[in-house]
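Novice: Shown below is the structure under consideration.
The values are calculated or read from the model by the stated rules, or taken from the named source; none is laboratory data. Since the structure is predicted, the reported quantities are computational estimates derived from the model, not experimental observations. Cβ sites come from the backbone with ideal geometry, for glycine too, and all protein chains shown count toward neighbours. Accessible surface is based on the protein model in full, side chains and every heavy atom, while ligands, DNA and RNA are left aside. Shrake-Rupley method; radii C 1.70, N 1.55, O 1.52, S 1.80 Å.
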Amino acid sequence: MTTDRRTFLEYTAGLAAVGAGLGACANPGGGRTAMPPLADAGYAAGFRTPPMPVVRIGMVGVGGMGTVHLENLLAIEGVEIRAICDIVPEKVTAAQDKVAKAGQPRPTGYSRGELDFQRMIDTEELDLVYSATPWEWHVPACVYAMENGKHAITEVPAAYTVDDCWKLVETAERHQKHCIMMENCCYDRLEMLMLHLTRLGMLGELLHAECGYLHDLRELEFSTEGEGLWRRFHAMERNGNLYPTHGLGPIAQCLGINRGNQFDFLMSMSSKSRGMELFAQEHFPADDPRRAERFVLGDVNVSLIRTVNGESIYLTHNVHSPRPYSRDLMLQGTKGLVQGWPSRVHIEGISKAHTWDDAAKWFQTHEHPFWKSEQVRQASRGHGGMDFLEDYRLISCLRAGEPTDQDVYDAAAWSVVGPLSERSVAANGRPQDVPDFTRGGWKSRKPLGIIE
């Protein structure tokens with residue numbers, strides 16, 4: 001991939017030809033809102049497979065997060081890395097070396113271009129295809145894997161058009177395959193404490209949540225390698241919340257989205273766009289073509305979501321401003337709240353009135369069971385342990401033949417907020433109904449029970 005805008009547009013247009021269902025630039029959010037018929041194989045909630053004593057995996061994309069997942073998987077019992085695919089041959093070789101060093105047979109490498117993941121899927125005996133690629137390739141890799149008998153795992157967001165969210169759901173239902181988005185923030189320590197306190201009823205009836213993704217990515221997006229090769233081009237063509245799931249996923253689990261509750265509608269607006277162009281003017285020489293790039297993504301996007309059970313959610317996105325990292329986490333109930341950045345808790349009748357408790361106190365008394373594991377607490381790979389925990393939980397569920405913590409309906413519901421925010425911004429903030437990917441099935445599902 002080159003880094004000019006024309007190449008990016010040609011590249012995304014080419015993806016449409018292989019079934020990616022793109023088109024968000026011409027039609028913000030892309031595609032239908034009407035509910036399609038249920039796929040032939042039926043509803044996939046609670047889907048489980050027979051136990052897999054060994055999970056055979058093919059990796060698609062072994063850059064930053066792909067390498068983190070690879071290293072985690074090599075430290076988990078019952079995993080075999082059978083194949084590695086990336087468009088950069090040197091990355092394939094480095095990943096193969098890691099697998100061999102860990103004592104497993106050297107996996108087959110695939111690096112013959114952007115569609116070589118199809119050859120890998122066609123050739124290898126795999127249970128699971130792991131996609132950690134640029135966003136454009138999440139849906140093509142997952143769909144091709146499921147259509148060819150493999151379960152699909154993808155980095156976030158799972159999709160960024162409404163059509164593609166439906167495509168993942170329908171394909172998973174039709175072929176009865178797992179399609180899971182690896183939302184690592186659901187497994188962070190504070191988010192798991194929040195879920196634990198919610199399930200114990202200590203927050204009371206939930207009322208309101210705040211969350212987001214606030215991360216200064218200007219230097220990364222202008223880089224001439226890694227995500228700089230593709231990520232900023234979305235900001236030239238799309239205006240909304242391009243990355244909703246880090247903040248929204250943990251809140252959705254606490255609110256029981258797809259499990260007794262559902263997103264109802266959202267409204268969204270964006271600020272003016274300034275950060276990227278100013279950064280380019282201040283950091284690049286006069287003849288650098290990046291100084292001529294123009295961006296439509298507002299530096300700050302604010303979205304409001306209402307659930308059918310009456311909770312409100314304030315969701316933010318800001319990656320082009322100078323600021324420290326935050327996910328602005330907050331969950332308010334009738335008896336108390338949990339808040340992040342800084343991490344703190346207040347529970348009526350336990351905390352001193354009008355006073356915050358440092359979350360460290362609550363970690364001592366109400367730590368989520370998963371975070372009591374020494375293996376998790378000592379894991380240094382990827383964001384302090386939460387990446388290891390998400391990989392560990394996935395493999396544990398597959399080996400035990402249990403439903404996974406997240407499923408295709410979660411991947412679709414959390415991801416679709418992105419394209420719907422684009423539609424709302426383009427329509428001057430008008431409300432957008434959130435599709436019910438479960439087609440009513442959410443009404444009878446029990447809340448996520450991973451603390452039990």
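Novice: Of everything in the stretch 71-88, what is in contact (Cβ under 8 Å) with a residue 60 or more places away in the chain, outside any loop (DSSP other than H, G, I, E, B) and not β-branched (Val, Ile, Thr)? Give them in sequence order.
Specialist: GLU71, ASN72, LEU73 - these are the residues of the stretch 71-88 that are in contact (Cβ under 8 Å) with a residue 60 or more places away in the chain, outside any loop (DSSP other than H, G, I, E, B) and not β-branched (Val, Ile, Thr).
Novice: Continuing with this model, one more query. Considering LEU220, LEU242, which residue is aliphatic (A, V, I, L, M), more than 15 Å from GLU311 (Cβ to Cβ) and not in a loop (DSSP other than H, G, I, E, B)?
Specialist: LEU220
Novice: Go through the residues of the stretch 354-371 one by one and say whether even a single one is in contact with a strand residue (DSSP E or B) (Cβ under 8 Å, 6 or more places away or on another chain), among the polar types (S, T, N, Q) and surrounded by fewer than 20 Cβ atoms within 10 Å (Cβ to Cβ).
Specialist: There is at least one residue in the stretch 354-371 that is in contact with a strand residue (DSSP E or B) (Cβ under 8 Å, 6 or more places away or on another chain), among the polar types (S, T, N, Q) and surrounded by fewer than 20 Cβ atoms within 10 Å (Cβ to Cβ).
Novice: Here's a follow-up. Can you find even one residue in the stretch 355-366 that is in a loop (DSSP other than H, G, I, E, B) and farther than 23 Å from VAL55 by Cβ?
Specialist: Within the stretch 355-366 (the criterion being in a loop (DSSP other than H, G, I, E, B) and farther than 23 Å from VAL55 by Cβ), the answer is yes, since at least one residue qualifies.
Novice: One residue is enough: does the stretch 406-425 have a residue meeting the conditions part of a loop (DSSP other than H, G, I, E, B), under 21 Å from GLN176 (Cβ atoms) and either in contact with an Asp or Glu (Cβ under 6 Å, 6 or more places away or on another chain) or of a type outside the set (Ser, Thr, Tyr) (or both)? Steps first, answer last, please.
Specialist: Taking the stretch 406-425 as the starting set, the residues that turn out to be part of a loop (DSSP other than H, G, I, E, B) are 406-407, 416.
So of that shortlist, the ones also under 21 Å from GLN176 (Cβ atoms) come out as 406-407.
Cutting the leftovers down to either in contact with an Asp or Glu (Cβ under 6 Å, 6 or more places away or on another chain) or of a type outside the set (Ser, Thr, Tyr) (or both) gives us 406-407.
Within the stretch 406-425, one or more residues are part of a loop (DSSP other than H, G, I, E, B), under 21 Å from GLN176 (Cβ atoms) and either in contact with an Asp or Glu (Cβ under 6 Å, 6 or more places away or on another chain) or of a type outside the set (Ser, Thr, Tyr) (or both).
Novice: Which one of these is open to solvent by 40 Å² or more (accessible area, probe 1.4 Å) and either touching a strand residue (DSSP E or B) at 6+ places or on another chain (Cβ under 8 Å) or over 26 Å from ARG189 (Cα atoms) (or both): ALA426, ALA413, ALA400? Show your work before the answer.
Specialist: Working: ALA413 fails: open to solvent by 40 Å² or more (accessible area, probe 1.4 Å); ALA400 fails: either touching a strand residue (DSSP E or B) at 6+ places or on another chain (Cβ under 8 Å) or over 26 Å from ARG189 (Cα atoms) (or both).
On inspection, the qualifying residue turns out to be ALA426.
Novice: Next question, about the same structure. Can you tell me which of (1) assigned to a helix (DSSP H, G or I); (2) open to solvent by 20 Å² or more (accessible area, probe 1.4 Å); (3) within 25 Å of LEU420 (Cα to Cα) is the one GLY247 doesn't meet?
Specialist: (2)
Novice: In the stretch 47-78, how many residues are small (Gly, Ala, Ser), under 25 Å from LYS167 (Cα atoms) and open to solvent by 40 Å² or more (accessible area, probe 1.4 Å)?
Specialist: 0
Novice: Among residues belonging to the stretch 336-345 that are closer than 17 Å to LEU195 by Cβ and free of Cβ contacts under 8 Å to residues at least 60 places away in the same chain, point out the one that is most open to solvent (accessible area, probe 1.4 Å).
Specialist: ARG344
Novice: Right, another one. Wholly within the stretch 97-180, which strands (runs of 3 or more DSSP E) include no fewer than the required count, namely at least 2 residues that are more than 30 Å from GLU422 (Cα to Cα) and modelled with pLDDT of 95 or more?
Specialist: 108-110
Novice: Got a number for residues in the stretch 225-235 being open to solvent by less than 10 Å² (accessible area, probe 1.4 Å) and over 18 Å from ALA159 (Cα atoms)? Talk me through it step by step, then tell me what you get.
Specialist: Quick first cut of the stretch 225-235, residues open to solvent by less than 10 Å² (accessible area, probe 1.4 Å) only: 228, 232-235.
Still in the list and also over 18 Å from ALA159 (Cα atoms): 228.
Counting residues in the stretch 225-235 that are open to solvent by less than 10 Å² (accessible area, probe 1.4 Å) and over 18 Å from ALA159 (Cα atoms) gives 1.
Novice: If GLY333 satisfies every condition in (1) out of contact with any Gly (no Cβ under 6 Å at 6 or more places or on another chain); (2) open to solvent by less than 60 Å² (accessible area, probe 1.4 Å) but one, which is the exception?
Specialist: Checking GLY333 against (1) out of contact with any Gly (no Cβ under 6 Å at 6 or more places or on another chain); (2) open to solvent by less than 60 Å² (accessible area, probe 1.4 Å), the one that fails is (1).
Novice: Does the stretch 200-223 hold any residues that are charged (D, E, K, R), under 22 Å from HIS368 (Cβ atoms) and surrounded by 19 or more Cβ atoms within 10 Å (Cβ to Cβ), and which are they?
Specialist: The one that is charged (D, E, K, R), under 22 Å from HIS368 (Cβ atoms) and surrounded by 19 or more Cβ atoms within 10 Å (Cβ to Cβ): GLU210.
Novice: Now a separate question. Among the residues of the stretch 79-118 satisfying the criterion of being among the basic types (Lys, Arg) and more than 25 Å from the chain's Cα centre (by Cα), which is least open to solvent (accessible area, probe 1.4 Å)?
Specialist: Restricting to residues being among the basic types (Lys, Arg) and more than 25 Å from the chain's Cα centre (by Cα), the top hit is LYS98.
Novice: Of the residues that sit in the stretch 151-177 and are open to solvent by 10 Å² or more (accessible area, probe 1.4 Å) and within 15 Å of the chain's Cα centre (by Cα), which one is nearest to VAL60 (Cα to Cα)?
Specialist: Top of the filtered list is GLU155.
Novice: Would a scan of the stretch 251-260 turn up a residue that is crowded, with 22+ Cβ neighbours inside 10 Å, closer than 27 Å to ALA427 by Cβ and over 19 Å from the mean Cα position of the chain (by Cα)?
Specialist: no
Novice: I'd like the full set of residues that are hydroxyl-bearing (Ser, Thr, Tyr) and over 13 Å from ASP188 (Cβ atoms), limited to the stretch 341-379.
Specialist: SER351, THR355, THR365, SER373
Novice: What are the residues in the stretch 294-330 that are surrounded by 20 or more Cβ atoms within 10 Å (Cβ to Cβ) and of a type in the set (Phe, Trp, Tyr), if any?
Specialist: Scanning the stretch 294-330 gives a single hit, PHE295.
Novice: Of everything in the stretch 119-149, what is touching a residue at least 60 places away in the same chain (Cβ under 8 Å), more than 18 Å from the chain's Cα centre (by Cα) and open to solvent by less than 20 Å² (accessible area, probe 1.4 Å)? Give them in sequence order.
Specialist: MET120, ILE121, LEU126
Novice: Just one of (1) more than 22 Å from the chain's Cα centre (by Cα); (2) open to solvent by 30 Å² or more (accessible area, probe 1.4 Å) trips up ASP264, so point out which.
Specialist: Condition (1) is where ASP264 drops out.
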